[in-house]
Amino acid sequence: MSEKRLFTELFVPAGGDASRPAEILVEGGRIAAVASPGEVSRDLVEVVSLGGRLVLPGAIDGHVHFDDPGFTHRETFETGTRAAAAGGVTTVVDMPCTSLPPVTSAANLRSKLAIVAPKAHVDFMFWGGVSGNSICEESWRRDVADLVSEGVAAFKLYLLSGMETYRDLSPDEIRDVLEELVPHGLPAGIHAEERALVLEATRRLRGTGAGAPRDYADSRPPEAERAAVATMRRLCRETGARVHIVHLASGAALAEVEAARREGLPFSAETCPHYLAFTGDDLESQGAVLKTAPVVKGAADRDALWRGLADGSLQHVATDHAAAEWPREKTTGSIWSDYGGVPGVELMVPYLYSEGVRKGRITLERMVELVSSEPARFFGLTGRKGRLEPGFDADFCVLDPKGSWTVEAERLHNLNRYTPFAGWTFAGRVVATGVRGSIVYERRDDGSETFLPPGTGRFLKRESRAAGS
Ligand SMILES: [Zn+2]
């Protein structure tokens, strides 16, 4: 590969839904220029045509569970990042709770890094965390500081967890962790559902013998999420720590997020494609395939989340990619014991482009903010990731706006191939993905695909005290 590469015959976003013809010069893996066609000299550069396609900044999926090491019957870092590459995602931020040992100490982080780094097709960061298990260790405060030094992206905390290896924290324990995070400036990402309310509803429903998908929905009502977000709003106000609500699912919880932001608190939230696409009716028809926590809500919630993405009251989209061993863990015979989780990293960009941009719910410019520039800022990658500008890593997603295709679960690239989006037809298809100037994934017109070998992806450390909301 020559040192300089010039990507030609492409369009880049140009505000609102507009795009303009451009060429991108890459040097040493970074963008050296985004120029008008013909502006850059062809001397001593390798020219790569992108065939008149739309080039977007590579997406950052800030919420994935790749389960490696420990639960590799569900996902591996190799298959997860392979699916990311095929979906135009150039950076993933992996959760600390679904690998073993959990990323609650620097030693645990290093052991995970050594195992997953050779498997990475795209760049990656790690969430660190404090769990109900780790907070019992005397060293937990020092572990937090050590994890910050190791470059974790943020800290994951649960108000309600179903995992024995990563238990939830009480609101008072969460306050202690938030206080510990304040001097570091790192955000806490909160799974926000009120524990007592969900456990009580679950006990009551299971006691009556209820076991339909709808009963699972009833065990996790919108009020459980709203009340937990209200608790986090109070803890944010009391501590001044940065609080981020992961996988927000309901309109009532969104109203709490908006109220917190109106107060001027450092409060943000993300939602996921499955909350934008599906409701309780779909849970009824799809059953465990769509089981995840929080559970999908109603049509009014779905509409509120789209409105929040458009008007800025929601800051990012992430997938909460969490695969079960398919079909075994999704067909246990009871909705209560079926594994909760939906894989999604490969479909985030196609879904948002087709259902968001092409259907007029969000502009192309807003989509790029939601999956690229805003997550980059949130995870302290400002100046490195998330924009097609000189000095930034040459991470990009090449989208064929004319390509229309129908999702077939077995053609996805993650380990366990099921998806609630099976049968959906999307307008626009990811045909190539670039990470630091290298094409890590390419899909040709005849449907054949190539990937660069795993190990291309790099571990990204968060620079602490980075600017951001
Ligand atoms: Zn998650």
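The values are calculated or read from the model by the stated rules, or taken from the named source; none is laboratory data. In this text, all values refer to a predicted model and were calculated from it rather than measured experimentally. Here the Cβ positions follow ideal geometry from the backbone for every residue, glycine too, while neighbour counts run over all protein chains shown.
Structure summary
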item: Residue list for region 270-300, restricted to those being among the small types (Gly, Ala, Ser), under 18 Å from the mean Cα position of the chain (by Cα) and closer than 17 Å to residue 223 by Cβ; result: 293
item: When residues of region 226-277 are limited to those that are more than 16 Å from the ligand (Cβ to nearest atom) and among the acidic types (Asp, Glu), the one farthest from residue 356 (Cα to Cα); result: 238
item: Residue count, region 186-216 (criterion: surrounded by fewer than 17 Cβ atoms within 10 Å (Cβ to Cβ), of a type outside the set (Ser, Thr, Tyr) and more than 18 Å from residue 231 (Cβ to Cβ)); result: 9
item: Residue check for residue 406: surrounded by fewer than 22 Cβ atoms within 10 Å (Cβ to Cβ), over 16 Å from residue 12 (Cβ atoms) and modelled with pLDDT of 95 or more; result: yes
item: Qualifying residue in region 160-180 (condition: in a loop (DSSP other than H, G, I, E, B), among the aliphatic types (A, V, I, L, M), within 16 Å of the ligand (Cβ to nearest atom) and under 14 Å from residue 190 (Cα atoms)); result: yes
item: Residue, farthest from the ligand (Cβ to nearest atom), within region 181-192, restricted to residues that are without any contact (Cβ under 8 Å) to a residue 60 or more places away in the chain and touching a helix residue (DSSP H, G or I) at 6+ places or on another chain (Cβ under 7 Å); result: 182
item: Qualifying helices (runs of 4 or more DSSP H) (wholly inside region 250-309; at least 1 residues being out of contact with any helix residue (DSSP H, G or I) (no Cβ under 8 Å at 6 or more places or on another chain)); result: 251-262, 280-286
item: Test: residue in region 204-215 that is modelled with pLDDT of 95 or more, of a type in the set (A, V, I, L, M), more than 16 Å from the ligand (Cβ to nearest atom) and within 21 Å of residue 288 (Cβ to Cβ); result: yes
item: Sole residue being at positive phi and in contact with a helix residue (DSSP H, G or I) (Cβ under 7 Å, 6 or more places away or on another chain), chosen from 380, 386, 333, 344; result: 386
item: Exclusive hit being over 21 Å from residue 374 (Cα atoms), hydroxyl-bearing (Ser, Thr, Tyr) and within 16 Å of the ligand (Cβ to nearest atom), set 319, 331, 292; result: 292
item: Among residues of region 203-226, those that are in a helix (DSSP H, G or I) and closer than 22 Å to residue 251 by Cα, counted; result: 12
item: One residue from 35, 86 being over 20 Å from residue 457 (Cβ atoms), touching a strand residue (DSSP E or B) at 6+ places or on another chain (Cβ under 8 Å) and of a type in the set (A, V, I, L, M); result: 35
item: Residues of region 263-278 satisfying the condition of being acidic (Asp, Glu) and surrounded by fewer than 20 Cβ atoms within 10 Å (Cβ to Cβ); result: 263
item: Filter result for the condition that a residue is under 17 Å from residue 433 (Cα atoms) and among the hydrophobic types (A, V, I, L, M, F, W, C), over 381, 370, 352; result: 352
item: Qualifying positions in region 11-36 - in a strand (DSSP E or B) and under 15 Å from residue 435 (Cα atoms); result: 24, 25, 26, 27, 30, 31, 32
item: Residue selected from region 55-83 under the condition away from the ligand (no atom under 16 Å from the Cβ) and of a type in the set (D, E, K, R), by the criterion surrounded by the most Cβ atoms within 10 Å (Cβ to Cβ); result: 82
item: Yes/no for residue 72 being in contact with an Asp or Glu (Cβ under 7 Å, 6 or more places away or on another chain) and either touching a residue at least 60 places away in the same chain (Cβ under 8 Å) or not basic (Lys, Arg) (or both); result: no
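Yes/no per residue for (1) farther than 19 Å from residue 192 by Cβ; (2) surrounded by fewer than 21 Cβ atoms within 10 Å (Cβ to Cβ); (3) modelled with pLDDT of 95 or more:
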position	(1), (2), (3)
280	yes, yes, yes
287	yes, yes, yes
305	no, no, yes
318	no, no, yes
329	yes, yes, yes
345	yes, no, yes
351	yes, no, yes
355	yes, yes, yes
358	yes, yes, yes
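Conditions tested, residue by residue: (1) among the charged types (D, E, K, R); (2) under 27 Å from residue 149 (Cβ atoms); (3) within 16 Å of the ligand (Cβ to nearest atom); (4) modelled with pLDDT of 95 or more.
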residue	(1), (2), (3), (4)
40	no, no, no, yes
43	yes, no, no, no
47	no, no, no, yes
51	no, no, no, yes
94	yes, yes, yes, yes
97	no, yes, yes, yes
106	no, yes, no, yes
114	no, yes, no, yes
128	no, yes, yes, yes
